[in-house]
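Student: Let me give you the structure first, and then I'll get to my questions.
The values are calculated or read from the model by the stated rules, or taken from the named source; none is laboratory data. Fair warning: this is a prediction, and the values are worked out from it, not measured in the lab. Please note: Cβ atoms are built from the backbone with ideal geometry, for glycine as well, and neighbour counts cover all protein chains shown. Accessible surface areas use protein heavy atoms only, side chains included; no ligands, DNA or RNA. Shrake-Rupley method; radii C 1.70, N 1.55, O 1.52, S 1.80 Å.
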Amino acid sequence: MFFVLMESTRSALSSIWAHGLRSFLTTLGIVIGVASVIAVVSVTQGMSAFIGETFASLGSNSITIGSYTPYQDRLKGNFARLTSDDLNMLEARADGIAYITPILFAPRSSQIKYGSQTAFSQILGTTYAFQDITANYPQVGRFLAPSDNDTRRRIAVIGAKVRENLNLPENPLNEYVELGGEWFKVVGLLEEKGEIMGNSQDDMVLVPYSTMQSIVGNQTRTDIQIQMGLSEGADVDTVVQQVTTLLRSAHNLEPGDEDDFRVQTAEQLMETFDEIIGMVTVVIGGIVGISLLVGGIGIMNIMLVSVTERTREIGICKAIGAKRHHILAQFLIEAALLSLLGGIIGLALGFGLGTLISSNIPDFPPAVIPMWAVALSLGFSGFVGVLFGILPAAKAANLDPIDALRYE
Amino acid sequence: MSLIRLHNIKKYYEMGSQVVKALDGIDVSISPNEYVAFIGSSGSGKSTMLNILGCLDSPTEGSYHLNGTNVESLSQNELSEVRNREIGFIFQSFNLLPRANALQNVMQPLVYRAIGRTERKRLASEALHRVGLGSRMDHLPNQLSGGQRQRVAIARALVTEPSILLADEPTGNLDSRTSIEIMQLFDELHSEGHTLIIVTHEDEIAEHCHRVIEMKDGRIHKDDHAEQLVEPA
């Protein structure tokens, strides 16, 4: 059997080679199908790998709670708020939370000055727990400490982008920046995190929460965000559920009332993204299925022509002793090889295309081809070849030797 | 013991409502190392005869024993096996594989015997040397003259060391000088001990053979060794 396979492969290759152009055109359908799937898969996989890494660095088991006001209420001027009371309540009563921190956004101007330089950035009032929840660690200096909060110290921890924008020295420690008319001493510089989809993760200034409160003033109307890090082994869904229940009762919501807050998990964001990728994959899969089908029909068509063309040859081979399986194997292997070669060319082309696309879009992650895509596309194109080769090969193998020999 | 024994072979074709009797009761025996010519006008049934002898076609009726095997009971694959081992075909139109060179053409029947490539090459090159084409082994059929192509075909028939060589109008497409050369080759093969059966309509070709069987309307009209018909098996 192995011998038959070897010999059939040899003669199939020489036959493919003998009709070079025709073979190429025959398999073009497969080439295009595989190339397009590999191009798309390599781009989306590259993106997905990159986003996965980014989420991991954001702190994948963190929960963010923000206030939420339905549009109707906003028109009426009723704004939902999360307050320090909510924070204290959750800290005291919710289970499964390792860290919890408020975030207070600077309400109006987020202008920062250093010397004659002015920049705009995101200014957050928060506490020391922020670094563990969001995985932001200082590169130089220190992070916010609990005592900073207690004593409303006027200090700031800045992101790398802010240092750059303000022309602060490489080591910005002990420099003073101006925020909302007050002077803040820089005590720490955060590690650089890069960009997600063009948004810099390094453009922020962190100040103690209580300091921020005192700047914002009017404490009854402050609206904070609460970030929590889950403790080891805590179930995200359970925690989200508990937090929701606690907040609803704290806000005196009746059953049937809409939540006036939103709980977001990093997992949710990732799930949303995975859903999109999944949908793209399904759509691409459908397109590829169709193009491989069309490619397969093209191969079958040419193989049928080839059988007719070589009827006399088949007759000769049968006259000198070829059995059914010899002829069958030769045509089947020829179809499979043709298709597989198309798959390989498509693979190379698709990878080239994917690389070209991702390298031409700025800030786009590099293309990645997962092994399963390679195995799948080659396996599938070989399978298509065999599937659509069966009919022509069976036709060839069943030819009657005298009829075939007489064929003109 | 005869190599070929045909008993009451009939081959009928249906052409519309008419039945054409291509062969109508053939009894013939051929012994090893005979040199036989089947002659007759076209339509006499000699080509059908050859197809049946070569196991390419099966008779409607009658029995055919080849080298002791009853051929009529064999399956298509077993018939392929018999064609490969027992029979060497030489055709009027050579029937070489157009994309394979002379050596590859001669090697082809050995592929179906699962003989390794090196051994195949050795045997094929020997056969080509035997027919005087040792220097043209890498030529494609269309780079060879008619006579050379027929030599390649003869080498292909010889390489499997068959019991019988069957030639169907082997000189039909050749000029007279080349025909003589080919017939000389056949004479030599016969003297080396091969059994040859040639179908022809040319008397000069038939003259080379030691036994001439003339066919007419699907029957044997004349057989100059008729006594062999009654030879016991």
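Student: Inside the stretch A:8-27, can you point out the residues that are under 24 Å from B:A114 (Cβ atoms), touching a residue at least 40 places away in the same chain (Cβ under 8 Å), of a type outside the set (S, T, Y) and out of contact with any Ser or Thr (no Cβ under 8 Å at 6 or more places or on another chain)?
Tutor: A:A12, A:L13
Student: Let me ask something additional. Quick one: A:I63 ticks every box in (1) within 26 Å of A:L206 (Cα to Cα); (2) outside any strand (DSSP E or B); (3) in contact (Cβ under 8 Å) with a residue 40 or more places away in the chain; (4) not hydroxyl-bearing (S, T, Y) except a single one, so which number is it?
Tutor: (2)
Student: Suppose the filter is surrounded by fewer than 18 Cβ atoms within 10 Å (Cβ to Cβ) and away from chain B (no Cβ under 14 Å); does A:Q117 pass it?
Tutor: For A:Q117, the condition - surrounded by fewer than 18 Cβ atoms within 10 Å (Cβ to Cβ) and away from chain B (no Cβ under 14 Å) - is met.
Student: State all residues of the stretch B:20-33 that are out of contact with any Phe, Trp or Tyr (no Cβ under 9 Å at 6 or more places or on another chain) and crowded, with 21+ Cβ neighbours inside 10 Å; if no residue qualifies, say none.
Tutor: Scanning the stretch B:20-33 gives B:I26, B:V28, B:I30.
Student: Next question, about the same structure. Is it true that some residue in the stretch A:314-328 is open to solvent by 20 Å² or more (accessible area, probe 1.4 Å), part of a helix (DSSP H, G or I) and away from chain B (no Cβ under 14 Å)?
Tutor: no
Student: Same structure again: Which of the residues belonging to the stretch A:300-313 are open to solvent by 20 Å² or more (accessible area, probe 1.4 Å) and more than 49 Å from the chain's Cα centre (by Cα)?
Tutor: A:T308, A:E309, A:R312, A:E313
Student: Here is a follow-up. Can you tell me which of (1) farther than 29 Å from B:T178 by Cβ; (2) touching a residue at least 24 places away in the same chain (Cβ under 8 Å); (3) of a type outside the set (S, T, Y); (4) more than 10 Å from every other protein chain (Cβ to nearest Cβ) is the one B:G45 doesn't meet?
Tutor: (1)
Student: B:Q150 versus (1) within 13 Å of B:N101 (Cα to Cα); (2) touching a Phe, Trp or Tyr at 6+ places or on another chain (Cβ under 8 Å); (3) buried (at least 23 other Cβ atoms within 10 Å of the Cβ): which is the lone unmet condition?
Tutor: (1)
Student: Does B:A206 satisfy being surrounded by 18 or more Cβ atoms within 10 Å (Cβ to Cβ), in contact (Cβ under 8 Å) with a residue 24 or more places away in the chain and either outside any helix (DSSP H, G or I) or touching a strand residue (DSSP E or B) at 6+ places or on another chain (Cβ under 8 Å) (or both)?
Tutor: yes
Student: Continuing with the same structure: What tally of residues in the stretch B:53-79 results from selecting those that are in a helix (DSSP H, G or I), within 10 Å of chain A (Cβ to nearest Cβ) and farther than 21 Å from B:T195 by Cβ?
Tutor: Going through the stretch B:53-79 one residue at a time, the tally reaches 3.
Student: Which numbered condition trips up B:R122, out of (1) more than 11 Å from chain A (Cβ to nearest Cβ); (2) crowded, with 18+ Cβ neighbours inside 10 Å?
Tutor: Every condition holds for B:R122 apart from (2).
Student: Separate question: So in the stretch A:32-42, with the set limited to residues that are surrounded by fewer than 24 Cβ atoms within 10 Å (Cβ to Cβ) and among the β-branched types (V, I, T), which one is nearest to the chain's Cα centre (by Cα)?
Tutor: Looking at residues that are surrounded by fewer than 24 Cβ atoms within 10 Å (Cβ to Cβ) and among the β-branched types (V, I, T), I get A:V40.
Student: Could you please tell me which pairs satisfy a Cβ distance under 9 Å, a separation of 6+ or placement on different chains, a first residue in the stretch B:130-152 that is closer than 18 Å to B:I182 by Cα and free of Cβ contacts under 8 Å to residues at least 12 places away in the same chain, and a second residue that is buried (at least 16 other Cβ atoms within 10 Å of the Cβ) and hydroxyl-bearing (S, T, Y)?
Tutor: Note: pairs meeting the criteria are B:G134/B:S125.
Student: Here are A:A375, A:A394: which of them is part of a helix (DSSP H, G or I), surrounded by fewer than 17 Cβ atoms within 10 Å (Cβ to Cβ) and within 14 Å of another protein chain (Cβ to nearest Cβ)? Talk me through it step by step, then tell me what you get.
Tutor: On the way: A:A375 fails: within 14 Å of another protein chain (Cβ to nearest Cβ).
Every option except A:A394 fails the conditions.
Student: Being in a helix (DSSP H, G or I) and farther than 14 Å from B:A157 by Cβ is the filter; apply it to the stretch B:88-113 and report the residue that is nearest to the other protein chains (Cβ to nearest Cβ).
Tutor: B:V111
Student: Right, something else. With the condition kept exactly as written, say whether any residue in the stretch A:359-369 is open to solvent by 60 Å² or more (accessible area, probe 1.4 Å), among the hydroxyl-bearing types (S, T, Y) and under 17 Å from A:V40 (Cα atoms).
Tutor: Yes, the stretch A:359-369 has at least one match.
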